[in-house]
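One structure is given below, encoded as structure tokens.
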Amino acid sequence: MTDDGTAEDGMTENGMTGGASAGSGVTEPTERARTILRENDRGGYTVPTARLYPFQWNWDSAFVAMGWATFDAPRAWQEIERLLRGQWEDGLIPQIVFHAPSDDYFPGPDVWGVQHDPSTSGIPQPPVLATAVRRVLDASGDEARMAAIYPHLLHNHRWWENARDPGRRGLVATLHPWETGMDNSPAWDTPLARVPTATRTAIRRRDTSHVDAAMRPRAEDYQRFIHLVDLFRDCAWDPVRMLAASPFRVADVGTNAILLRAERDLFDLAGRFGTPAEQAEIAVRIERLGAALDRLWSADLGLFISQDLRAHTPIAVGTSAGFLPLYAGRAGARAPQMAVTLQRWAGRVSRLVPSTDPDDPRFERLRYWCGPVWAVVNWMIADGFQRAGETAPAERIRSDTRALISNAGFSEYFDPADGNGLGGANFSWTAAVWLMLA
Ligand code: GLC
């Protein structure tokens, strides 16, 4: 095995050859990545993986569209259009669109109790979409399709402002750990402890029958997750009532940084597909959100952190999301310090970027968002360091990501200590990241 993770003879541990396959100019892992997307294609939308996640997930699909765009642009547009079928009248693009029934996942549409066709969950996920759409446009140049999508993105970004920052303070609120996409991050431990464990919905977890329970959130986390779903259903999914009622209310540094990046991409799209008034409106949000994000800096941890909006306190836990202001183009003069922080983390693990600071006592190398490496987060952080002119950490993260995938396959997430693949296999967004890095 060489240092970059490819085996000397061109064959990796999971049986993928590292070299180009004869004649096509496409390497074996690249072919495999395309096959995974095709296999997870349910006729216009891509499931994150078979069984464990049998529906269309919001931010997964944004990454997956960028992956499709590397070899099949019409299919990339379709991914986005199918996700937008789930968009609500008020602008929310839900975390899950339940296009077709499946018994493999809990909580299904009956638990959410949302009135929408197709049925959906009732909460958002990190808004990567405008960034993805812009990239798909760059790859395909299909302006007619883009023009039809642009108003949906604008409507969605207005939803974030109205539903989650009605006071116009700058940061949008997150009301459920699932909204952050980093479900059981230790950053949520304190605010989540405020959520009762009692649920009215009977919990029938399916995830632990598909993968090892040690790699998934704990039972108690799940009870609190479902308590919040019960509560929001009682609020009839009304954003004002949800914001007021939720005992879990945080300004997630990840969601806010991803939104800021998406606002910048939407600003550019508005210049071509919108109006000057819309551009001006987006520019106001960019300024306000950027200034608010600056205040999430933690000098102690050397990166940005989330804030507990109920307790009005910073959440002093270093997580991979804390690097995402780089991806938002808003880390400014802090980028070199963040490179030093990454260096400190690199001294404690063999593969970057662990989802939780390895010096934190709550770091767990196998458990989901408590430590494992996630390829999509790596892609965003590498992009961020690159934009900030920090090319060495960007290159290190990209090469670690490629090495993890070529050694362990297209896993859901990876052990930062030994690089083993964890969680589900044949994951769509991991395949998409490979394609984006290839
Ligand atoms: C898990 C992850 C979330 C992802 C979903 C589907 O819930 O935490 O980020 O979107 O699985 O892959």
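Before moving on, here are some points about what is shown:
- Solution diffusion estimate, µm²/s, Stokes-Einstein, segment 107-160, Kirkwood Rh from C-alpha pairs, 20 °C, viscosity 1.002 mPa s: 163 µm²/s
- Pairwise inverse Cα distances across segment 349-438, averaged and inverted, put the Kirkwood hydrodynamic radius at 12.8 Å.
- A convex hull fitted to the Cα coordinates of segment 94-188 yields 157 cubic angstrom per residue.
- Positive minus negative residues near residue 216 (Lys, Arg vs Asp, Glu; Cβ under 12 Å): -2
- Each peptide in 249-259, 71-81 receives the mean, over its residues, of other Cβ atoms within 10 Å, and ordering these scores from highest gives 249-259, 71-81.
- When each full DSSP H helix of the chain is screened for a Cα extent of at least 24 Å along its own axis and an average Kyte-Doolittle hydropathy of at least -0.5, the helices passing are 253-273, 276-294, 391-408.
- Accessible-area value, residue 422, 1.4 Å probe, nucleic acids and ligands omitted, Å²: 10 Å²
- Inter-centroid distance (Cα atoms) of segment 347-383 relative to segment 268-297, Å: 30 Å
- Legend: P(r) of segment 255-399 from all alpha carbon pair distances, 10 Å bins from 0, whole percents, reading 12, 39, 33, 13, 3.
- Diffusion constant of the chain at 20 °C, which comes from Stokes-Einstein with the Kirkwood Cα-pair radius and 1.002 mPa s, µm²/s: 99 µm²/s
- Computed helical MRE - 222 nm, the chain, DSSP H runs ≥ 4 contributing -39500 (n - 2.57), nearest 500: -14500 deg cm²/dmol
- Measuring nothing but alpha carbons in segment 398-438 and taking Rh as the Kirkwood radius, the Rg to Rh ratio lands at 0.92.
- Shape of segment 15-117, Cα gyration tensor, a/c cut at 1.5: prolate
- Peptides 148-158, 362-372, 134-144, ordered by how many other C-beta atoms sit within 10 Å of their residues on average, highest first, read 362-372, 148-158, 134-144.
- The relative contact order of segment 83-225 comes to 25 percent, based on Cα pairs under 8 Å that sit 6 or more residues apart.
- Packing-based ranking of 199-210, 314-325, 334-345 yields 314-325, 334-345, 199-210, ordered from highest to lowest mean Cβ neighbour count within 10 Å.
The values are calculated or read from the model by the stated rules, or taken from the named source; none is laboratory data. Owing to the predicted nature of the structure, the values given are computational and were not obtained by experimental measurement. Here the Cβ is made from the backbone with ideal geometry for all residues, glycine too, and neighbour counts use every protein chain on show. These accessible areas exclude ligands, DNA and RNA; they are computed on the full protein's heavy atoms, side chains included. Shrake-Rupley method; radii C 1.70, N 1.55, O 1.52, S 1.80 Å.
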